[in-house]
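The values are calculated or read from the model by the stated rules, or taken from the named source; none is laboratory data. Owing to the predicted nature of the structure, the values given are computational and were not obtained by experimental measurement. For neighbour counting, all protein chains shown are included, and Cβ atoms are generated from backbone atoms with ideal geometry for every residue, glycine included.
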Amino acid sequence: HGAFLSEPIANKSKYDFRNEDAAVLEQEPSFALQSKPAAMIDRSEVFLGQPIIKDSPPSWGNFVEELLKEDQELELSIDAIVDNGVLEVTVFGTALVDLPGNYNLGVYVTQSHIVDYQKTNGSTISDFEFNHFLRKSLTSVPYGNILDSDLVIGDSFERNFTFTLPTDLDPMIPEWKVEDLEVVAYVSRDGGTVAPIIQAAKKKL
């Protein structure tokens, strides 16, 4: 929830899901996400710098299945806990093949199971369940943090992050519920305008 079609419904919405990190991702010109629903799956490219945009949700599954047939290049995993209101995240990675070039790491926190009003074509749903909405990026947006260059098969990395969960919130901002949080991490290739993702992982709190 960035800026486009994300405003709360006047006199109905309980929450405002918008945040700055989502807005930066949404407005990044190279991603070209100008409609909803729309998806970039692994930021795959038609050719260098030209992303494949899938704006028909029924087509997403088939495209994902085709990508899953490709050989895995990187092993990625996440450890995550909340201790005294502080989210502690560790991301581990190991190269399964030689990976020349530069790479970035992105780490996001999402939240699910929040019920509120949602507009659809010509109607409004009063009890829509919002899932996997972006709450916070633990890395720079839109492309993540610089990771490593020229990884060789067997090379490993470990990155640590901490974030204090906010408690003093505006009434329109959803409460941070630990049991509904999930950490998502991805590694992407650098050097292009789209930065295609080569591996991702998730960890539910």
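The table below lists the values:
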| quantity | calculated |
| --- | --- |
| Failed condition for VAL115, given (1) modelled with pLDDT under 95; (2) part of a strand (DSSP E or B); (3) of a type in the set (Val, Ile, Thr) | (1) |
| Residue tally, condition surrounded by fewer than 13 Cβ atoms within 10 Å (Cβ to Cβ) and touching a residue at least 24 places away in the same chain (Cβ under 8 Å), over the range 57-76 | 3 |
| Residue tally, condition out of contact with any Pro (no Cβ under 6 Å at 6 or more places or on another chain), surrounded by 14 or more Cβ atoms within 10 Å (Cβ to Cβ) and not polar (S, T, N, Q), over the range 110-127 | 3 |
| Qualifying residue in the range 21-30 (condition: of a type in the set (Val, Ile, Thr), within 24 Å of SER140 (Cα to Cα), out of contact with any helix residue (DSSP H, G or I) (no Cβ under 6 Å at 6 or more places or on another chain) and in a loop (DSSP other than H, G, I, E, B)) | no |
| Restricting the range 133-155 to residues that are more than 20 Å from the chain's Cα centre (by Cα) and among the aliphatic types (A, V, I, L, M), the residue that is surrounded by the most Cβ atoms within 10 Å (Cβ to Cβ) | LEU151 |
| Residue within the range 92-114 that is more than 30 Å from ASN11 (Cβ to Cβ), touching a residue at least 60 places away in the same chain (Cβ under 8 Å) and of a type in the set (D, E, K, R) present | no |
| Search result, residues across the range 156-173 that are loosely packed, with under 12 Cβ neighbours inside 10 Å and of a type in the set (D, E, K, R) | GLU158, ASP168, ASP170 |
| Which numbered condition PHE130 misses (of (1) within 29 Å of PRO37 (Cβ to Cβ); (2) crowded, with 17+ Cβ neighbours inside 10 Å) | (2) |
| Leading residue by the ranking (farthest from SER188 (Cα to Cα)) among those in the range 32-49 that are at pLDDT 70 or above and surrounded by 14 or more Cβ atoms within 10 Å (Cβ to Cβ) | ALA38 |
| Residue selected from the range 91-109 under the condition β-branched (Val, Ile, Thr) and surrounded by fewer than 16 Cβ atoms within 10 Å (Cβ to Cβ), by the criterion farthest from SER137 (Cα to Cα) | VAL97 |
| Residue ID - surrounded by the fewest Cβ atoms within 10 Å (Cβ to Cβ), chosen from residues in the range 174-197 that are at pLDDT below 95 and of a type in the set (A, V, I, L, M, F, W, C) | ILE197 |
